[in-house]
1. Out of Val147, Val180, I need the residue that is of a type in the set (A, V, I, L, M, F, W, C), farther than 24 Å from Glu444 by Cβ, free of Cβ contacts under 8 Å to residues at least 40 places away in the same chain and surrounded by 17 or more Cβ atoms within 10 Å (Cβ to Cβ). Which one?
2. Is it the case that the stretch 216-239 has a residue that's without any contact (Cβ under 8 Å) to a residue 12 or more places away in the chain and open to solvent by 10 Å² or more (accessible area, probe 1.4 Å)?
3. Scan the stretch 249-270 residue by residue and report those that are of a type outside the set (A, V, I, L, M) and either assigned to a helix (DSSP H, G or I) or within 23 Å of Met118 (Cα to Cα) (or both).
4. Is there a residue being in a strand (DSSP E or B), of a type in the set (Lys, Arg) and over 27 Å from Lys445 (Cα atoms) anywhere in the stretch 271-293?
5. Would you confirm whether or not the stretch 59-82 contains a residue that is at positive phi, among the basic types (Lys, Arg) and free of Cβ contacts under 8 Å to residues at least 60 places away in the same chain?
6. Against the definition (part of a helix (DSSP H, G or I), modelled with pLDDT under 95, surrounded by fewer than 17 Cβ atoms within 10 Å (Cβ to Cβ) and not β-branched (Val, Ile, Thr)), how does Pro28 come out, yes or no?
7. For Ala323, all conditions in the list (1) closer than 27 Å to Gly523 by Cβ; (2) surrounded by fewer than 23 Cβ atoms within 10 Å (Cβ to Cβ) hold save one; what is the number of the exception?
8. Which condition number in (1) surrounded by 17 or more Cβ atoms within 10 Å (Cβ to Cβ); (2) in contact with a Gly (Cβ under 7 Å, 6 or more places away or on another chain); (3) not aliphatic (A, V, I, L, M) is the one that Asn338 fails?
Amino acid sequence: MAAITETAAVMAVLVQVWNLVRVTLVVPLLRLAIFLSLMMTVMILVEKVFVGMVSLTVRIIRLKPEKRYRWEPMRPDLETGNLAYPMVLIQIPMYNEKEVYKLSIGAACSLDWPSDRMIIQVLDDSTDPIVKDLVELECQKWKSNGVKITYEVRDNRQGYKAGALKEGMKYDYVQECDYVAMFDADFQPESDFLLRTIPFLVYNPDIALVQARWKFVNADECMMTRIQEMSLDYHFKIEQEAGSSTFAFFGFNGTAGVWRIKAIDDAGGWKDRTTVEDMDLAVRAGLKGWKFVYVGDVHVKSELPSTFKAYRYQQHRWSCGPANLFKKMAMEIVTNENVSMWKKFHLLYSFFFVGKIVAHTVTFIFYCIVIPVSVIVPEVEIPQWGVVYVPTLITFCKAFGTPSSIHLVIFWLLFENVMSLHRIKAALTGLLDAGRVNEWIVTEKLGDAHKPKNTDNFQDSSNIQPLINKPKKTQTNIWQRFYFSEIWIGLFMLSCGCFDLATRQQGYFIYLFLQGFAFLFIGFGYVGTYVPGS
């Protein structure tokens with residue numbers, strides 16, 4: 001009996017301590033977090049509505065790039081013949097791309113462009129000697145067919161992709177070229193890619209970059225790839241279109257684009273100070289006054305990461321790099337004298353702060369921390385407009401990019417909230433310049449999704465089949481695919497949901513259960529495609 005009394009006394013003291021801490025510390029901090037989260041949510045909504053309206057206006061009035069800029073088809077001249085076509089360099093950086101190396105090489109060699117006015121440069125940083133031999137053999141095969149293709153290797157991987165591209169620009173034959181097109185190893189441009197993009201550069205001397213749109217050959221492979229397609233379609237159809245139409249600027253996507261070599265040199269060339277060398281170059285070129293054009297009608301096929309491990313690594317690089325670049329270039333943007341205040345404001349506020357910092361921060365802090373904690377703190381209340389109406393509008397603004405997948409919007413929302421955990425960690429790593437800030441892990445490509453149904457546009461369809469088809473089967477050892485950070489957050493949200501259901505204080509339990517189970521589902525590895533040994 002005495003023990004029970006003593007336990008009750010201890011519990012009473014703990015309750016008093018918790019009440020004191022809750023009133024003096026937790027409640028004020030939570031109210032501040034709610035205020036800041038609501039502010040950031042409104043900032044994101046305004047940004048999404050703005051770019052959405054710009055993109056919609058462009059579509060309604062059919063203001064295609066060919067109307068905004070001079071564009072004429074390329075034709076051989078009666079006197080000079082093929083000399084009417086500018087000399088184009090095509091760079092294909094690679095690193096142990098055994099599954100997909102034939103795809104980009106075969107597609108690039110099959111481009112409709114005079115063979116004597118095009119040089120294909122394969123930049124192979126592979127460390128696997130077998131893969132290096134295979135890639136070199138592929139290059140020799142195309143070379144024997146009359147294609148001007150070179151196989152270049154380095155004795156180190158310094159600077160990763162940026163280092164390879166920078167080294168590739170030093171060869172003497174590059175001096176003959178006016179423009180450079182870039183394709184990652186899994187990208188397959190259509191045969192008319194150069195014919196549709198190069199004229200923008202030829203007839204508009206102030207344009208530095210022409211960016212094409214990505215299309216995905218394995219979008220239907222699994223739920224995770226469908227969700228990725230929704231996010232990337234929004235980026236290309238809405239964000240890139242709005243940036244191109246309004247500011248003649250957007251972030252280069254690192255592939256499926258054509259640069260004016262003079263603009264690259266004017267911007268200072270490739271730099272390896274961050275893991276987003278493409279965005280770095282784009283920002284520096286933009287600050288020099290160069291214009292960018294997004295051509296959404298030109299599609300380049302590529303592969304989405306279909307394993308969760310590969311997708312996590314990719315998202316770390318895509319979230320950490322921009323935050324780190326923002327830290328390193330903020331003052332340079334502020335003090336720049338070549339561009340208008342309006343463009344500098346767009347770069348600092350919209351492009352970097354809202355798009356690369358706020359978006360990751362509010363998604364995780366608000367939806368995965370603040371809302372669950374508010375359930376167990378009855379003194380705090382979140383306004384309905386902030387927790388329901390504004391997030392719903394933001395969600396549908398982003399889902400507008402892929403109307404055919406609108407029925408997956410709930411799954412997309414839950415998955416994006418889970419990924420916000422990794423994105424906010426990566427963004428903080430970039431801002432603090434710490435930990436994995438310079439980590440570069442090449443996104444794993446499976447290659448077996450890249451089997452075109454129609455190969456009429458290629459000279460030899462056998463040359464673009466994947467070398468190795470990796471088997472796909474269910475993993476038997478579940479312990480090998482646990483993600484403990486997701487599991488702990490999932491358990492936390494489920495606990496808050498149970499508390500809310502028991503007390504009926506806020507009515508958030510439906511969301512908390514769905515989001516909690518989403519964290520657990522992903523935490524136990526039941527997402528994406530599993531490949532043994534990946």
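1. Numbers: Val180 fails: free of Cβ contacts under 8 Å to residues at least 40 places away in the same chain.
Exactly one of Val147, Val180 is of a type in the set (A, V, I, L, M, F, W, C), farther than 24 Å from Glu444 by Cβ, free of Cβ contacts under 8 Å to residues at least 40 places away in the same chain and surrounded by 17 or more Cβ atoms within 10 Å (Cβ to Cβ), namely Val147.
2. So in the stretch 216-239, the residues without any contact (Cβ under 8 Å) to a residue 12 or more places away in the chain come out as 220.
Still in the list and also open to solvent by 10 Å² or more (accessible area, probe 1.4 Å): 220.
Looking through the stretch 216-239, at least one residue is without any contact (Cβ under 8 Å) to a residue 12 or more places away in the chain and open to solvent by 10 Å² or more (accessible area, probe 1.4 Å).
3. Residues of the stretch 249-270 of a type outside the set (A, V, I, L, M): 249-255, 257, 259-260, 262, 265-266, 268-270.
Correct list: Phe252, Asn253, Gly254, Thr255, Gly257, Trp259, Arg260, Lys262, Asp265, Asp266, Gly269, Trp270.
4. Yes; the residues of the stretch 271-293 include at least one that is in a strand (DSSP E or B), of a type in the set (Lys, Arg) and over 27 Å from Lys445 (Cα atoms).
5. Yes, there is a match, as at least one residue in the stretch 59-82 is at positive phi, among the basic types (Lys, Arg) and free of Cβ contacts under 8 Å to residues at least 60 places away in the same chain.
6. So Pro28 passes the test.
7. (2)
8. Checking Asn338 against (1) surrounded by 17 or more Cβ atoms within 10 Å (Cβ to Cβ); (2) in contact with a Gly (Cβ under 7 Å, 6 or more places away or on another chain); (3) not aliphatic (A, V, I, L, M), the one that fails is (1).
The values are calculated or read from the model by the stated rules, or taken from the named source; none is laboratory data. This is a predicted model, so every value here is computed, not measured. All Cβ positions, even for glycine, are placed from backbone atoms using ideal geometry, and neighbour counts span all protein chains on display. The accessibility values were calculated without ligands, DNA or RNA, using every heavy atom of the protein model including side chains. Shrake-Rupley method; radii C 1.70, N 1.55, O 1.52, S 1.80 Å.
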